[in-house]
Amino acid sequence: QVQLVEFGGGLAQAGGSLRLSCAASGTIFSISAMGWYRQAPGKQRELVAGVTSGGTTNYADSVKGRFTISRDNAKYTVYLQMNSLKPEDTAVYYCNVEATGWGSPGPEDFWGQGTQVTVSS
């Protein structure tokens, strides 16, 4: 149906920047919400940022002013620009997409494989 592939994780120093991208492919009829979640060791997965099909964004308080989410609807791709990184941003980041596949009765949630982001102090 719908596959998600993430790019852009890695190692950064505190104060640095990384950009994540997530491309959806498959038999896609439509994509509504897109977002990024993260999970640090020993912690629950949490929403980092989301963007609706209309472009409305929302962010976790911990990343407001530092992270920017955007999407390219023509490419079925969502991005996360992460600036002023902090060690506490270290986590596995997961892309999440709410999409409707051709022939599906309605939207479903799809998840990327996760990409590691490590921020050193």
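The values are calculated or read from the model by the stated rules, or taken from the named source; none is laboratory data. The shown structure was predicted, so the numbers you read here are calculated from the model rather than taken from an experiment. Methodologically, a virtual Cβ is constructed for each residue, glycine included, from the backbone with ideal geometry; neighbour enumeration extends over all protein chains shown. The accessibility values were calculated without ligands, DNA or RNA, using every heavy atom of the protein model including side chains. Shrake-Rupley method; radii C 1.70, N 1.55, O 1.52, S 1.80 Å.
Rolling a 1.4 Å probe over the heavy atoms of the protein chains gives the range 30-69 an accessible area of 53 Å² per residue.
The base-10 log of I(q)/I(0) for the range 50-115, evaluated at q = 0.22 Å⁻¹, reads -1.10 [Debye formula, identical scatterers on Cα atoms, solvent excluded].
Any idea how far the Cα center of the range 65-121 sits from the one of the range 15-51, in Å? Going from one Cα centre to the other spans 2 Å. Using R0 = 22 Å, the C-beta based FRET efficiency linking residue 116 and residue 83 works out to 0.75. Here the chain is treated as a Stokes sphere of Kirkwood radius computed over C-alpha pairs; at 25 °C and 0.890 mPa s its diffusion coefficient rounds to 170 µm²/s.
The residue 45 and residue 104 beta-carbon pair, evaluated with R₀ = 30 Å, returns a calculated FRET efficiency of approximately 0.80. Carbon-plus-sulfur accessible fraction, the range 67-111 (probe radius 1.4 Å, protein heavy atoms only): 50%. Of the solvent-accessible surface of the range 1-60, computed with a 1.4 Å probe over protein heavy atoms with every protein chain present, carbon and sulfur atoms account for 52 percent. Among residues other than residue 16 with Cβ under 12 Å from its Cβ, the summed charge is +2 (Lys and Arg +1, Asp and Glu -1).
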